[in-house]
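See structure below.
The values are calculated or read from the model by the stated rules, or taken from the named source; none is laboratory data. Quick caveat, the model's predicted, so the values are computed rather than measured. Cβ sites come from the backbone with ideal geometry, for glycine too, and all protein chains shown count toward neighbours. Surface accessibility is based on the protein's heavy atoms, side chains included, excluding ligands, DNA and RNA. Shrake-Rupley method; radii C 1.70, N 1.55, O 1.52, S 1.80 Å.
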Amino acid sequence: MRNPNRGLGAAVVFVSVVFAACISEPRLSASIQLQVTSNVTVYDFQTVPVGSGSSTNPMFVISPAGSADDDYITSISLDPGCPDFALNLQPPLSTGSGSGSGSSVGSAHVFCMGGSAVPAGVGGSGYGGGCTPVQYMFGATFTPHLAAQQFCDVHITTMSGSGAGSGSATITLTGSGQSPMFLMSVSPMSIDFGDVNLNTTSGSRIVTVQNTGSGSISVNGSNSDPTTFSTPSLATFTLAAAQSKSFTVTCNPASPQTYNATLSFATNAAQGSLSGSTSLTCRGANTSLVITPNPIDFGSQLLGAGALTRNVTIQNGSASVTLMNFRFTNAGSDISYPSGPPGPFTIPMGSSANFVVQYTPSTERVTGPLGSVTFDIGSGSNNSNIPITGGAEPGSIGTAPASVDFGPICAGGSASQDVMVFANAAGTVRLAPPTAPGAPFTVSTSSTLPIDLIGNHGSQVIFNAKVQTSTPGKLGGTLTLNTNIPNMPTRQVALAANVLPMGVTPTPDQVRFGAVAIGTSSPPKQVVLTNCSGGPLTVTGTTFAGTNPSEFVAPATPPTTLQPMESAAFLVLMSPHTNGPKSASFVIMHDPGTSVVAVDGTGFAGTDTGTTGDRETYYACATNRPATMWPIALAVLVLRRRRKRVR
């Protein structure tokens with residue numbers, strides 16, 4: 001599978017000492033300003049065993065972006081369709097009485113508190129004069145239930161203390177579920193054929209054996225009553241990882257009694273001695289009535305779907321029969337009959353009667369027995385039972401990645417990115433043709449739509465998103481995925497691109513580090529220089545200039561040549577030595593001249609207020625290194641981006 005999170009390009013040339021950074025700049029639309037900054041904007045939980053929680057518990061820090069900012073966090077939320085990710089908002093977004101109390105209804109205040117420069121309880125006057133920034137911290141967890149890489153965006157929205165504007169930032173979470181080497185499932189757990197006329201063959205039912213582990217397994221099956229219950233050969237068969245095999249089962253009773261049997265499946269000791277089984281039940285019925293369908297099967301439905309109905313026919317092939325009553329046995333309130341013949345009533349020989357059974361999938365159920373409908377014939381001592389089967393499973397889709405940022409591209413060029421779509425819950429979801437984004441974005445797929453996405457990432461569809469335009473500017477679009485999921489039929493994938501004019505352009509044009517404690521180093525942030533000129537560009541080095549150049553750090557850069565439409569990425573960080581606002585210019589020197597990016601942040605002494613937790617966890621990016629140990633030898637990446645980004 002192609003990596004959907006490959007970063008900024010396909011070909012990467014390391015020209016300095018490299019360290020693994022998990023930080024990137026927040027993706028913002030052209031109409032929204034950055035009011036707050038987060039210490040991490042991409043976090044990878046790495047590989048986590050299916051069914052287990054992540055061993056790392058990252059904490060994310062939201063700080064004011066500028067030294068005079070006074071902002072509210074109005075919401076922190078996950079993308080819909082991310083059942084394996086969860087947020088831990090500790091403390092919860094508070095409910096206060098306004099800016100004077102440092103919070104507003106349903107929001108957290110992020111600002112500067114204390115010190116001679118700020119009146120008590122009022123923010124927005126800068127971090128100078130011993131002022132300590134108030135930050136907000138929250139955590140996230142990843143508990144995968146399927147073996148696949150997953151992505152989810154955390155959306156942070158803010159409002160300025162004056163109410164003059166709003167902002168947003170995004171943190172992308174990713175992680176991969178890993179199955180054990182040997183794991184097997186057998187479904188369903190049981191099958192009830194109900195009443196079957198003597199010496200006739202019931203309708204067929206399906207038993208499925210699936211390899212849910214990561215290694216190949218050899219399975220041997222057996223049938224405890226092959227005379228009554230017929231199946232194909234269950235002799236030893238091999239299943240590769242994620243492969244399954246299905247068997248049809250029928251019942252042919254010879255006498256009016258109840259038959260029970262078991263289909264058993266097992267692996268050998270070298271493959272974990274796995275085992276699974278399906279219990280079978282069938283009752284021989286000596287009656288002239290033929291009831292169809294048998295069973296009354298609703299299949300697997302999505303939880304919350306509308307009511308479904310099945311028409312049931314009772315055919316009498318012998319003497320007249322009086323049906324005293326029909327009733328549901330062991331069925332819940334989601335099973336009903338909206339219409340049917342009144343009882344008692346008589347079915348003459350050769351005639352039939354009809355009624356309707358209704359199932360409303362409002363309660364989550366594993367696909368299997370839903371109960372039965374019982375027909376009381378004559379005095380009531382002669383009954384006929386027909387099983388009802390079906391289930392309701394949650395429906396949800398995931399995408400990888402959760403959103404697409406094509407990054408900086410040259411006007412007249414193009415970039416493309418694959419987006420994988422899959423069902424990330426148990427229910428099978430019908431994916432319809434998407435609502436395409438507006439120009440200059442396009443989306444295509446080789447799959448024929450509509451198509452069923454099998455639950456728990458049993459299948460997937462790949463879309464290719466592309467942007468191509470000659471008009472410079474920051475662009476945004478939305479790919480809307482259309483499904484049959486009740487109450488949530490659409491899923492949106494945000495698309496963004498920064499189209500650059502001819503020339504040499506650094507992005508972003510401003511890097512804000514927020515608050516950084518004196519004597520520590522911030523997580524690094526990235527600056528990308530893109531060559532949109534007509535010829536090669538030689539980068540000769542970098543430096544800092546301006547008011548506080550010594551408070552910021554970047555590595556010495558050896559000469560690097562960029563061909564047209566190629567980019568170089570530089571990692572920079574802030575390492576304050578004194579208290580207060582800091583600003584400088586990050587200068588990239590190249591043969592036509594220089595490119596300049598404004599950088600700023602605030603140094604402060606002391607411990608954050610209003611926060612809890614271990615800051616080293618998130619500053620060290622889960623590497624078990626304290627914040628003060630961020631390496632200074634950083635990476636310069638040359639990224640090949642010609643007319644089309646390699647997929």
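Details
- Scanning segment 407-456 for residues being among the polar types (S, T, N, Q) and buried (at least 16 other Cβ atoms within 10 Å of the Cβ) gives a total of 8.
- Figure legend. Inter-residue proximity from segment 392-416: first residues more than 26 Å from SER459 (Cα to Cα), second residues among the small types (Gly, Ala, Ser) and assigned to a loop (DSSP other than H, G, I, E, B), beta-carbon distance below 8 Å, spacing 6+ or different chains. Indicated pairs: ALA411/SER470; GLY412/SER470.
- Filtered residue count, segment 372-404, keeping only those that are modelled with pLDDT of 90 or more and surrounded by fewer than 20 Cβ atoms within 10 Å (Cβ to Cβ): 1
- Qualifying residue in segment 352-359 (condition: under 31 Å from the mean Cα position of the chain (by Cα) and modelled with pLDDT of 90 or more): yes
- In segment 508-522, residue farthest from THR542 (Cα to Cα) [restricted to those that are open to solvent by 20 Å² or more (accessible area, probe 1.4 Å) and out of contact with any helix residue (DSSP H, G or I) (no Cβ under 8 Å at 6 or more places or on another chain)]: ILE518
- Segment 326-348 - residue that is closer than 18 Å to THR292 by Cβ and of a type in the set (Ser, Thr, Tyr) and, of those, most open to solvent (accessible area, probe 1.4 Å): TYR337
- If you filter segment 243-280 down to residues that are closer than 22 Å to ASN197 by Cβ and of a type in the set (Val, Ile, Thr), you find that the one that is surrounded by the most Cβ atoms within 10 Å (Cβ to Cβ) is VAL249.
- Of note, PHE138 satisfies the criterion of being under 22 Å from the mean Cα position of the chain (by Cα), at pLDDT 75 or above and either assigned to a loop (DSSP other than H, G, I, E, B) or within 28 Å of PRO58 (Cβ to Cβ) (or both).
- Close Cβ contacts (under 9 Å, 6 or more residues apart or on different chains) running from residues in segment 180-192 that are open to solvent by 40 Å² or more (accessible area, probe 1.4 Å) to residues that are of a type in the set (D, E, K, R) comprise ASP192/ARG283.
- Just one of the listed residues (THR170, THR174) is among the β-branched types (Val, Ile, Thr) and touching a Pro at 6+ places or on another chain (Cβ under 7 Å), namely THR170.
- Residues that are assigned to a loop (DSSP other than H, G, I, E, B) and within 16 Å of PHE375 (Cβ to Cβ), drawn from segment 300-318: GLY317, SER318
Matching residues to (1) more than 16 Å from the chain's Cα centre (by Cα); (2) modelled with pLDDT of 75 or more:
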| site | (1), (2) |
| --- | --- |
| PRO4 | no, no |
| VAL15 | yes, no |
| PRO64 | yes, no |
| SER67 | yes, no |
| ILE76 | yes, yes |
| CYS82 | no, yes |
| LEU89 | yes, yes |
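- From THR313, THR248, THR292, THR262, residue being closer than 25 Å to GLY427 by Cβ and not charged (D, E, K, R): THR248
- Looking at segment 424-501, the strands (runs of 3 or more DSSP E) lying wholly inside it that each contain 1 or more residues that are among the charged types (D, E, K, R) and in contact (Cβ under 8 Å) with a residue 24 or more places away in the chain sit at 429-435, 451-453, 460-468, 473-483, 490-500.
- Scanning segment 552-563 for residues that are open to solvent by 40 Å² or more (accessible area, probe 1.4 Å) and within 20 Å of VAL504 (Cα to Cα), we see that the one that is modelled with the lowest pLDDT is PRO558.
Residues are listed down the side, and each one gets a yes or a no for (1) farther than 30 Å from VAL419 by Cα; (2) assigned to a helix (DSSP H, G or I); (3) open to solvent by 10 Å² or more (accessible area, probe 1.4 Å); (4) at pLDDT 50 or above:
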site	(1), (2), (3), (4)
VAL539	yes, no, no, yes
SER550	yes, yes, yes, yes
VAL587	yes, no, yes, yes
GLY601	yes, no, no, yes
ARG641	no, no, no, no
ARG647	no, no, yes, no
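- Taking first residues from segment 48-62 that are closer than 15 Å to ALA148 by Cβ and partners that are modelled with pLDDT of 85 or more and assigned to a loop (DSSP other than H, G, I, E, B), the Cβ contacts under 6 Å between residues at least 6 apart in sequence or on separate chains come to VAL48/PRO144; VAL50/PRO144.
- Test: residue in segment 306-314 that is loosely packed, with under 14 Cβ neighbours inside 10 Å, of a type in the set (Ser, Thr, Tyr) and within 27 Å of ASN223 (Cα to Cα): no
- LEU323 meets all of the listed conditions (1) crowded, with 18+ Cβ neighbours inside 10 Å; (2) at pLDDT 90 or above; (3) not in a loop (DSSP other than H, G, I, E, B) but one, namely (2).
- Residue ID - modelled with the lowest pLDDT, chosen from residues in segment 281-299 that are assigned to a strand (DSSP E or B) and open to solvent by 30 Å² or more (accessible area, probe 1.4 Å): VAL290
- Selection of segment 193-242 for residues being open to solvent by less than 30 Å² (accessible area, probe 1.4 Å), touching a residue at least 60 places away in the same chain (Cβ under 8 Å) and of a type in the set (A, V, I, L, M, F, W, C) yields PHE193, VAL196, VAL207, VAL209.
- Every listed requirement among (1) open to solvent by less than 60 Å² (accessible area, probe 1.4 Å); (2) modelled with pLDDT of 90 or more is met by MET488 save one, (1).
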